[in-house]
Structure formats: C-alpha cells, structure tokens
Amino acid sequence: CLIYLPAQIWIPIAITCFTRGLDIRKEKADVLCPGGCPLEEFSVFGHIVYASVSSICGAAVHRGVIGNSGGPVRIYSLPGRENYSSVVANGIQSQTLSRWSASFTVTKGKSGTQEATGQAVSTAHPATGKRLKKTPEKKTGNKDCKADIAFLIDGSFNIGQRRFNLQKNFVGKVALMLGIGTEGPHVGLVQASEHPKIEFYLKNFTSAKDVLFAIKEVGFRGGNSNTGKALKHTAQKFFTADTGVRKGIPKVVVVFIDGWPSDDIEEAGIVAREFGVNVFIVSVAKPIPEELGMVQDVAFVDKAVCRNNGFFSYHMPNWFGTTKYVKPLVQKLCTHEQMMCSKTCYNSVNIAFLIDGSSSVGESNFRLMLEFVSNIAKTFEISDIGAKIAAVQFTYDQRTEFTFTDYSTKENVLAVIRNIRYMSGGTATGDAISFTVRNVFGPMRDSPNKNFLVIVTDGQSYDDVRGPAAAAHDAGITIFSVGVAWAPLDDLKDMASKPKESHAFFTREFTGLEPIVSDVIRGICRDFLESQQ
C-alpha cells in the first residue's frame, strides 16, 4: 500500500548557540536557534553579510531576525569578501575581519511544525559527516602562558608566495602549541609588506581552531618588506583595550623576516619599547655576503629586539623542516619573567614636580605652570602599580601639595593639580630640593620605579642649588630643570642631570612652557630606557 505524507512538512535543522556558518554546507538552509544564548559570548564578524566563521544565531540576533528567545532562521551562503565591518546592533558588537573565504546572510525563517518529526535534528553536520557536539565550552587555554601576542609575518616579494605559505604553516604550529584560550595566550596577526595590514586582532579568536582557520585565510600581499613601518604600526595601533589587549598581561610582537627589511627598523624598535611591547625577531635565510651591500643596517636584529641579550632573537636557516623550532620559540614566548620590555617609561616612573610659588610668578602665570605640570602628568599611566606623581610648591618655605601615595588615579591627580593654591613669597630652590628628596622621595626608597624631579622656576634662588641637586643625583633622582623669565641659566644647569643640554630648558615667556612638555616627556622616556639597558 502507499502512504501519502503531508506535502508541507518543514523540518528545520536545530543548531546550538555557537554553530557557525561554515558548519552548514548548503547554499540555503532553514535552521532553528535555541533561546537564552549568552549575547556576550557570540562571535560575529560583519554586518548584514557575515564571515562564515560567525555564529549563525549570533548573526541572526545581530541583524534583528530573531530575539534572544531564539527561533527559525534561514541562512544563505555567499562568496568570501574583504573588510567585514564592525557594528553594534541588538546588544551585540560585531567585529571587523580583513578577509574570509566564505560568507552568509540570514533572514527570518518559516515558523514550521517540528512536531511532525517527533524530534529536531540536534545540530548541523560539518563536511566530515560527524555530528557536532553540544554547545562547546570555551577553553581556558594554557594559564601558565598568559601573553597578548601579535605575529608580524613577512608578506613581501622577498619571501614569495611559496615560502609565505610555509611561514603561515609554521605560525599555525606555534599558535597551536601556545595553548590559546580565554585565560591563556591571545594572538592576532599583522602582515608586513609595502603597507602594513592587521589581519585579525587579539579579541577576534580565543580558540586555536579558529586562529588556524584565520591564518589559513590570509592572502599574500607582495611589495617591499617595510618591516619597520609594520612594527611601528603594530606597537601603536594593535595593542589597545578596544582590540582586546588585557591589563597586566605581557604584550609581545613576533616579527618574521625573510632576508632583510627594506626600511629602518631601529626607530620602530624604540617605539615598541616605549609602548611596553616585547619584540622578538625570527630571522630566516640571513643575507649572504654578496647581498650585504643591499642591507640598510646589518645589525637590524639587535636594534629592533626588546633587549640585545640573545633571548629575543631566533634564527632558522630556511622554511623547510621547521617543526623542531616550534617548541623552543613557544618556551621563550611563555617565559614571562624575561619580558623586560613590559615595564615602560609610562608605567614605571615616580615623577615629583617642584613648583615655584614666589611673588614674581603671579596668579595667572602660576596657572600656566600648573597647566604645564598637568600636561606632563596626564601622559603617564598613573595607578597604584604604575606611574606615581607628587607635587611640592615652594617659596622660602615648602608645602607638599600631595605625595606619591596620596592619589592612584589620573583623574584624581589632575584634579588636585588644578586646585593647587598659589602661595606667593621668596625663592629658596635649594632648600626646596632638599625638602623634596627627604620627604617625598625618602618614603619611596624601596620603589621599583625610576625617580624623576621636574623643577619649574622663574627666578634666581636666594640659596645654593648645586649642593642639594648633587645630593639628589647621588640618591638616584634624575632632575629636569625648567626656567622661565629671570631664571639664570647657570642655576638651571647646576640643578639639571647630565647631559645638561638635554635636562635644562628655558623660555622667556610662561606661554613658552607648552612646547617644552614634549621635550620633558621624551627625556624621561629616554632616561628610563637607558637605565634599563
């Protein structure tokens, strides 16, 4: 006998919160999203058109096709594309992605009759034919290797397409062995060529599987090997809170160079160190003697790495048989106590300001001095474990406005500087230096931070400055002297640390203090870096 089935039975594929577009191997499919998915855990890349690595249900909520109670969704497969955009919609922040090989979009699905089948299909089926497991738990990763790592790969004509693919394979092996996870290392990838391109950020993927997918999708760009340009761009743009950098976690860039860079890499190394980034150089196929004339700086590795001590440089003879080099490199990347560049001039200094409050300054000019102090202070990462700021005002007497331990946030420090009241009186700079060394720096004797004193004065001191300044230098305090109007150059030089010409500044007008701000900040960073060598 014949059995006639109803013609309009619709059977959706029941999927999990985290089933991705690439798990559905059909041009068009009807799926059923469960309710109660945690919005903050969705991985969604793009807007309207989504990279296939995105969660289908996340994309559907993002586009407004369903709410958080779930429901039917129709998914349409689309070709890959470049530049998936980041948009906040319906409680989900989608992420940017530079390139992916496949995409999809979603529309509202039919409200079907699941009862006709007795049960729903539990999940989507990938190409292997194996059934996906239930909602996957996010892997915590290797907790003993917490690091935020950018792989800066060589995408220049130096390396070529074939070796570029071998390089990607090696990076994939390193990423796999690191133990990527929510509480372990996070990684991103930047390609160096004519112009740098951030392929994906730290926040984009927190599982090794997804990172391997993303690495595989990266296309070869070609062009000159402007590694210096790419390293500088990475140090300045890659490691931000918005892109997934975590507080207190070492920032690392692993730079792969096939041959030699086309540009200057030394300045980029300095910028990276100033930003607290630990630079590793993995050099492959060093230039042969006949090629050395083409190399801009033969010592480029030593000048770019975090420290020229052998730890941060790594050499492989070629891209073949590289598996044996994976584990030693991973061990280096996970040795946190060696990450010396995590300490920077912005987060590891104590800066005291000694402010002239004498009668010759005047109330309005005193405000310009406070603005000068604020503009320097706000540059630094002030916290209970970071940079610390203190201020003393002086005439014949001294008044501690606040010490290093009084305020541990930038907002509070800047607020109290703005509210400092002008004293008015004589000028005894020498006594003020001694007072500051004893009462402000004295209690910080055991601090790991480097100590700086910035003196701002507009006239000649009635007492000796040379002796107190020398005592401060002997106590490990670096002094910058800033003179205005009638401040004698001899006094400024006597107070300043060596070399005098880079630690003593003078301006005729109080309005001339503003351009000196950047000079003092650069000087502090320069002195800090030199002290760390």
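The values are calculated or read from the model by the stated rules, or taken from the named source; none is laboratory data. A quick note: this is a predicted structure, and the numbers were derived from the prediction, not measured. Here the Cβ is made from the backbone with ideal geometry for all residues, glycine too, and neighbour counts use every protein chain on show. Accessible surface is based on the protein model in full, side chains and every heavy atom, while ligands, DNA and RNA are left aside. Shrake-Rupley method; radii C 1.70, N 1.55, O 1.52, S 1.80 Å.
The table that follows gives values for the structure above.
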item	result
Criterion (at negative phi and either free of Cβ contacts under 8 Å to residues at least 24 places away in the same chain or within 14 Å of the chain's Cα centre (by Cα) (or both)) met by exactly one of Pro250, Pro261	Pro250
Close pairs (7 angstrom Cβ cut-off, 6 or more residues apart or separate chains): more than 16 Å from Thr395 (Cα to Cα) in the stretch 350-369, part of a loop (DSSP other than H, G, I, E, B) and open to solvent by 10 Å² or more (accessible area, probe 1.4 Å) anywhere	Asn350/Ser447; Asn350/Asn449
Which numbered condition Arg163 fails, given (1) of a type outside the set (A, V, I, L, M, F, W, C); (2) touching a residue at least 40 places away in the same chain (Cβ under 8 Å); (3) assigned to a strand (DSSP E or B)	(3)
Residue list for the stretch 181-214, restricted to those being open to solvent by 10 Å² or more (accessible area, probe 1.4 Å) and closer than 21 Å to Thr140 by Cα	Thr182, Glu183, His186, Tyr201, Lys203, Thr206, Ser207, Ala208, Lys209, Asp210, Leu212, Phe213
Answer from Pro468, Pro443, Pro448 - the residue that is open to solvent by 10 Å² or more (accessible area, probe 1.4 Å) and over 39 Å from the mean Cα position of the chain (by Cα)	Pro468
Residue count for the stretch 136-180, restricted to those that are polar (S, T, N, Q), surrounded by fewer than 18 Cβ atoms within 10 Å (Cβ to Cβ) and within 22 Å of the chain's Cα centre (by Cα)	1
Cβ pairs under 8 Å, 6+ apart, first in the stretch 216-235 and at negative phi, second β-branched (Val, Ile, Thr) and part of a loop (DSSP other than H, G, I, E, B)	Ser225/Ile159; Thr227/Ile265; Gly228/Ile265; Leu231/Ile265
Test: residue in the stretch 481-498 that is open to solvent by 40 Å² or more (accessible area, probe 1.4 Å) and under 34 Å from the mean Cα position of the chain (by Cα)	yes
Residue within the stretch 270-280 that is polar (S, T, N, Q), under 25 Å from Asn142 (Cα atoms) and either modelled with pLDDT under 90 or in a strand (DSSP E or B) (or both) present	yes
Selection status of Ser424, under 23 Å from Phe452 (Cα atoms), open to solvent by 40 Å² or more (accessible area, probe 1.4 Å) and of a type outside the set (Asp, Glu)	no
Members of the stretch 179-192 found to be of a type in the set (A, V, I, L, M, F, W, C) and in contact with a helix residue (DSSP H, G or I) (Cβ under 6 Å, 6 or more places away or on another chain), listed by number	Ile180, Val187, Val190, Ala192
Members of the stretch 387-401 found to be surrounded by fewer than 18 Cβ atoms within 10 Å (Cβ to Cβ) and of a type outside the set (Asp, Glu), listed by number	Tyr396, Arg399, Thr400
Verdict on Ile417 being closer than 24 Å to Ser364 by Cα and buried (at least 17 other Cβ atoms within 10 Å of the Cβ)	yes
All positions within the stretch 430-440 that are within 20 Å of Thr403 (Cβ to Cβ) and either in contact with a strand residue (DSSP E or B) (Cβ under 8 Å, 6 or more places away or on another chain) or not polar (S, T, N, Q) (or both)	Asp431, Ala432, Ile433, Phe435, Thr436, Val437, Arg438, Asn439, Val440
Pairs, first polar (S, T, N, Q) in the stretch 402-420, second assigned to a helix (DSSP H, G or I), C-beta under 7 Å, six or more apart	Thr403/Val440
Out of Arg399, Arg438, sole residue that is in a strand (DSSP E or B) and either farther than 19 Å from Val482 by Cβ or at pLDDT below 95 (or both)	Arg399
Single unsatisfied condition, Gly219 versus (1) open to solvent by less than 70 Å² (accessible area, probe 1.4 Å); (2) within 25 Å of Phe42 (Cα to Cα)	(2)
When residues of the stretch 402-428 are limited to those that are out of contact with any helix residue (DSSP H, G or I) (no Cβ under 7 Å at 6 or more places or on another chain) and not in a loop (DSSP other than H, G, I, E, B), the one nearest to Ile351 (Cα to Cα)	Lys410
Exclusive hit being of a type in the set (A, V, I, L, M, F, W, C), closer than 25 Å to His336 by Cβ and not in a strand (DSSP E or B), set Val245, Val253, Val187	Val245
Pairs, first polar (S, T, N, Q) in the stretch 490-507, second open to solvent by 30 Å² or more (accessible area, probe 1.4 Å), C-beta under 7 Å, six or more apart	Ser497/His473
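Results for (1) of a type in the set (A, V, I, L, M); (2) open to solvent by less than 50 Å² (accessible area, probe 1.4 Å); (3) over 26 Å from Thr182 (Cβ atoms), shown as yes or no for each residue.
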{"site": "Pro38", "(1), (2), (3)": "no, yes, no"}
{"site": "Ile48", "(1), (2), (3)": "yes, no, yes"}
{"site": "Ser52", "(1), (2), (3)": "no, yes, no"}
{"site": "Gly80", "(1), (2), (3)": "no, yes, yes"}
{"site": "Asn83", "(1), (2), (3)": "no, no, yes"}
